[in-house]
Amino acid sequence: MVIATGDETFMGRTAQLATSTDGEETPIAKEIKDFVLKVSIIAFTLGITFFVIGMVENQDIVQNVVFLIGIIVANVPEGLLATVTVSLTLTARRMFDKNVRVKNLESVETLGSTSVICSDKTGTLTTNVMTCQHVFYDLKECECDTDNPLAAVKGDFYKKENDAIRNTDFLKLVRCGALCNNAGFMPSGEVDPTANATESAMVKFSAGHVQGEYRIPVPEYRKKHHELHQIPFNSKNKWQVSIHELPQDMLLENEVKMDGIHDHDDGNGDRKRALVQMKGAPERIVALCDRLLMDDEVMELTKETRQTILDGVMSLGSRGERVLALAELVLDPTIYDINVMEPIIERKYGVEVDESCANEQAVEKFKVVVHGKDEDTNEELTWDGLYISHRRESRWPTHCTTATCPMTSLTRLWCRAICCSRSWTPKRRTPRAWLTSGTRL
């Protein structure tokens, strides 16, 4: 069944919109047009002026017309076209040497007057595929293997005395790249193509080293480090934080010494620690750190070291690479013990409903104005004297118990009371709020 043909179809309407777009003049075309208009006005003005003077002095009209044409032609810049064309051609040739193809010569002048070029990130201009090309750790830049991103294990990441053992500080970097990451995996083992390109590049680079060091894939590695909490990345903070469980058997060789943690497992090998990991903009991450792990030793992050790191970031960024910083901290289990179960708070009171309130009436909040004078002595009260306390009366109404009364937990409230519009009336003998000085509210 045909419902539309030709220009009435979607493709037809799209083609019409494309052909109906008016081409805007380039800046150089506007300037040339303005220049030619001014020159023409001057030429015709001079020609007509001398023609009138010639007719007054000499009545030979043929001679005066020839003189008029000569003056007009003499004012026309005949070399303008050739000069503009040669200039734009030479500029286009220089841009060609910088791998810039120019289709229209007039666009060369437009590009030359541009101060800022805004281009889209990866995905529109590229295939939305990023690869980890360099790693900056131990205050040095290391090149990564980009031939096989999921098995990029070649590089300066191993101990000098044994090239089969990876540096501990590098393993920390790999751990953070694999865990503080939201890029998922497909059942086939490939990274989810819909994941963020930057996070995909990080987890691809980490996958090869995780597989080589622990003999397990990243999804299984993440299960061993269960995520407890996460603060997602946003453009305001420019960082992402995640907290994971760190099992005893996944601790690195210098984990205890590095973080000042004393082993107090008491023979229980299943004890876990809390691992906080962060990634984001280098300047934000470096500003939040006070220590640096270098050559398996913890060092103070001095001002000179910070500048060295930022200089390395600028070096990578000047080559068009997107740079992210990684940081982590193993929390002291004596203070942050995640092995202790959270207490279960049981409800002590049943849920009671005030049947006198209609279903369509909701609990409302009212702001109570508290005067700063004592009604008995008419003296000014201090701000600390304006706390509001709640005193229970001997007789409680059935609709307002300790569990349901909105004032029970507000033993000290700054100039505000929360009450029910139907329950808080004198007729029902509800609890009253008193000023600490004795003035009734």
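Suppose we take every Cα in region 55-169 and form the convex hull; what volume per residue is that in Å³?
Details: hull volume 24.9 nm³, N = 115.
Output value, Cα hull per residue: 216 Å³.
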At a threshold of 8 angstrom on Cα-Cα distance, excluding pairs fewer than six apart, so keeping six or more, what relative contact order does region 123-198 reach in percent? 19 percent
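Report the extension gain between LEU105 and LYS224 in nm, rounded to one decimal, defined as 0.36 nm multiplied by the number of residues separating them, less their alpha carbon distance.
On the way: separation 119, 0.36 × 119 = 42.84 nm, distance 6.10 nm.
Length gained, LEU105 through LYS224: 36.7 nm.
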In whole Hz, what ³J(HN,Hα) sequence does region 213-222 give by Karplus (6.51, -1.76, 1.60; θ = phi - 60°), x for Gly and Pro? 8, 10, 6, 9, x, 4, x, 5, 5, 5
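Please state, to two decimals, what the Cα-based radius of gyration of region 165-219 comes to when divided by 2.2 N^0.38 Å (N = residues).
Details: Rg = 10.9 Å, N = 55, 2.2 N^0.38 = 10.1 Å.
The reported ratio for this selection is 1.08.
Expressed as a rounded percentage, what relative contact order does region 27-111 have, with Cα pairs under 8 Å and six or more residues apart? Intermediate results must be reported in sequence, preceding the final value.
Working: 50 pairs, mean separation 27.5, N = 85.
Across region 27-111, relative contact order equals 32 percent.
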Per-residue counts of other Cβ atoms within 10 Å, averaged by peptide: what ranking do you get for 207-216, 246-255, highest first? 207-216, 246-255
ASP374-ARG306 pseudo-label distance in nm [points 7 Å out on the Cα-to-Cβ vector]: 5.3 nm
Starting from the Cα-Cα distance between ASP290 and THR83, subtract it from 0.36 nm times their residue separation and give me the gain in nm to one decimal. 68.3 nm
Which of the pairs LYS30/LYS103; LYS33/LYS98; LYS140/LYS279; LYS172/LYS238 have their Cα atoms more than 23 Å apart in this structure? LYS33/LYS98
Of the peptides 39-51, 311-323, 107-119, 164-176, how do they stack up when ordered by the mean number of other Cβ atoms within 10 Å, highest first? 164-176, 39-51, 311-323, 107-119
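For region 27-111, what is Rg from Cα atoms divided by 2.2 N^0.38 Å, rounded to two decimals? Please report the intermediate quantities before stating the final value.
Working: Rg = 19.7 Å, N = 85, 2.2 N^0.38 = 11.9 Å.
Computed over Cα atoms of region 27-111, the ratio equals 1.65.
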Search the structure for amide H atoms under 5 Å from the amide H of MET294, placed 1.01 Å from N in the peptide plane, and list their residues when 5 or more places away or on another chain. MET299
Evaluate the relative contact order of region 67-192 (contact order divided by residue number), counting alpha-carbon pairs under 8 angstrom at least 6 apart; express in whole percent. 8 percent
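Every number here is computed from the coordinates shown, using simple stated rules; none is lab data. Here the structure is a predicted model, which means the values were calculated and not measured. Note that we place each Cβ from the backbone using ideal geometry, even for glycine, and neighbour counts take in every protein chain shown.
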